[in-house]
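Colleague: Can you keep this structure in mind? I'll have questions shortly.
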Amino acid sequence: MSINDFDLKNWKELSDIWTDSLWIIKSRDNSGAHDGYYHGNFIPQIPNQLLRRFTKAGDYVLDPFVGSGTTLIEAQRLNRNSIGIELLEDVATEAKNRIATEAKKEITAEIHVGDSCSIETDMLLKLYNIKNVQFIIYHPPYWDILKFSQDNRDLSNTKSLDKFLSALKSVLKNTIKILEKNRYCALVIGDKYTNGELIPLGFHCMQAFQEEGLKLRSVIVKNFDETKAKSNKQAIWRYRALAGSFYIFKHEYIFLFKKTK
């Protein structure tokens, strides 16, 4: 069964579909409802590439960490249905408003306010009269690099790496059960420094997903040149790197997994 809308007889025409594991993206797509206003959001090109490659028009996509709604906006543009879960009501409201500016008839793009660790995902399936979702994109907080709220359920407020990974696993267990067998999910995550030590957060998370029985299919490295936290501060970060004997992060990971059980 095909998982996308490609006609591989004409595969040479798919030149805008990336197949390499290094993604160099020069600038963020800020068109329409997309906007880089929200700290910690990812660029729309990531869901665009993943959804075109691993879903078909009419499929359902789940995003357990909605944030500014990037995944849902992109899914809507591609005629994929999407369901989002967002812990923070004010963030969800802003995302809903943005998504509504590009609404399409007969295409679902809805956000549910709740905790992805415990929200009743089976009830979501019943609500939309579907048996499964066909793709999941996980873009959690990069532990405590950015604090998104004061809510103790917020993964950015976890007090240790073990607690962060435990909470992430709870989200995974609660959501991966509704992913259709032999379909794919992706985890977008980066690393961090703590007290002068590099914490390979990406690979810790990758291992956590593998421990839940998911099969790792690809590790993609994506560049980024500037974040809101480092905006217009390239010189001072270069000085800090030289003085502190470390390298400035210019990448994050996209781990692609397949559900085989």
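Colleague: So which residues in the stretch 177-220 are within 17 Å of the chain's Cα centre (by Cα), under 20 Å from K250 (Cβ atoms) and part of a loop (DSSP other than H, G, I, E, B)?
Modeller: G190, D191
Colleague: Sticking with this one: Within the set of pairs 6+ apart or on separate chains, which have a first residue in the stretch 237-261 that is free of Cβ contacts under 8 Å to residues at least 60 places away in the same chain, a second that is of a type outside the set (D, E) and assigned to a strand (DSSP E or B), and C-beta atoms under 8 Å apart?
Modeller: F246/Y193; F246/L198; K250/N223
Colleague: Additional query: Being crowded, with 21+ Cβ neighbours inside 10 Å, among the β-branched types (V, I, T) and out of contact with any helix residue (DSSP H, G or I) (no Cβ under 6 Å at 6 or more places or on another chain) is the filter; apply it to the stretch 41-69 and report the residue that is farthest from I189 (Cα to Cα).
Modeller: Per the stated criteria, the residue is T55.
Colleague: Any residue in the stretch 57-71 that is under 15 Å from A95 (Cβ atoms) sitting within a Cβ distance under 8 Å of a residue that is of a type in the set (D, E, K, R) and surrounded by 24 or more Cβ atoms within 10 Å (Cβ to Cβ)? List the pairs, counting only those 6 or more apart or interchain.
Modeller: V61/R80; F65/E86; V66/E86; G67/E86; T71/D63
Colleague: Can you name the condition, by its number, that F164 falls short on among (1) assigned to a helix (DSSP H, G or I); (2) closer than 24 Å to K258 by Cβ; (3) touching a Leu at 6+ places or on another chain (Cβ under 8 Å); (4) not aliphatic (A, V, I, L, M)?
Modeller: Among (1) assigned to a helix (DSSP H, G or I); (2) closer than 24 Å to K258 by Cβ; (3) touching a Leu at 6+ places or on another chain (Cβ under 8 Å); (4) not aliphatic (A, V, I, L, M), the lone unmet condition for F164 is (2).
Colleague: Select, from I46, I17, I83, the only residue that is of a type in the set (A, V, I, L, M, F, W, C), in contact with a strand residue (DSSP E or B) (Cβ under 9 Å, 6 or more places away or on another chain) and over 22 Å from S118 (Cβ atoms). If you could, list the steps in order and put the result at the bottom.
Modeller: Numbers: I17 fails: in contact with a strand residue (DSSP E or B) (Cβ under 9 Å, 6 or more places away or on another chain); I83 fails: over 22 Å from S118 (Cβ atoms).
I46 is the lone residue from the list that is of a type in the set (A, V, I, L, M, F, W, C), in contact with a strand residue (DSSP E or B) (Cβ under 9 Å, 6 or more places away or on another chain) and over 22 Å from S118 (Cβ atoms).
Each value in this text was obtained by applying a stated rule to the coordinates, not by laboratory testing. A quick note: this is a predicted structure, and the numbers were derived from the prediction, not measured. Note: ideal-geometry Cβ built from the backbone for every residue, glycine included; neighbour counts use all protein chains shown.
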